[in-house]
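> Dumping the structure here so I can ask a few things about it.
The values are calculated or read from the model by the stated rules, or taken from the named source; none is laboratory data. As the structure is a computational prediction, the values presented were derived from the model and not from experiment. Here the Cβ is made from the backbone with ideal geometry for all residues, glycine too, and neighbour counts use every protein chain on show.
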Amino acid sequence: MGEFISFFQSHPYLGLATTASFILVLAYEAHRKSISLNHVTPQQAILLMNKNAAIYDLRNQKEYDQGHILNAINHPSQLSESDPKIDKQKTKIILLACSSGASSGKEAIRLNKVGFKTVYSINGGMAAWAAAGLPYQTKQT
């Protein structure tokens with residue numbers, strides 16, 4: 001321990017840089033962990049669907065009609081916690097899907113911050129869902 005104190009006294013700038021680097025790494029890892037808690041793979045999403053998760057597709061109507069997860073509700077904007085239908089879902093499992101997982105990931109984080117208990121984004125979105133060969137439905141015209 002005395003060697004560390006001696007090092008910091010002899011090299012204050014290196015000691016400060018080392019401490020700052022350590023804090024940045026810790027902050028980055030904490031942020032990365034908090035984000036990953038809101039993402040599930042398409043296969044994990046199926047397991048959650050079997051537990052009666054509500055599924056919201058955040059893409060526009062045209063994209064939704066071209067192919068969406070069975071029983072997904074099209075909701076091409078933020079889910080409003082003031083909407084009574086959405087507020088009832090606050091304690092239930094909610095899955096969010098978009099094209100690539102970016103928009104749904106941000107929305108999952110936002111909803112978790114406003115009190116929704118179990119909100120997940122499908123990592124990779126509908127692109128990952130289709131690439132995994134999982135079933136989806138299209139609007140019949």
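> Taking into account only those residues within the range 81-102 that are assigned to a helix (DSSP H, G or I) and surrounded by fewer than 18 Cβ atoms within 10 Å (Cβ to Cβ), which is modelled with the highest pLDDT?
ALA102
> Which of the residues belonging to the range 37-90 are in contact with a Ser or Thr (Cβ under 7 Å, 6 or more places away or on another chain) and of a type in the set (Lys, Arg)?
Scanning the range 37-90 gives a single hit, ARG59.
> Please work out which residue is surrounded by the most Cβ atoms within 10 Å (Cβ to Cβ), limiting yourself to the range 42-56 and to residues that are part of a helix (DSSP H, G or I) and within 14 Å of the chain's Cα centre (by Cα).
That would be ALA45.
> Shifting gears a bit: Out of ARG110, ARG59, I need the residue that is among the charged types (D, E, K, R), in a helix (DSSP H, G or I) and surrounded by 15 or more Cβ atoms within 10 Å (Cβ to Cβ). Which one?
Numbers: ARG59 fails: in a helix (DSSP H, G or I).
It is ARG110.
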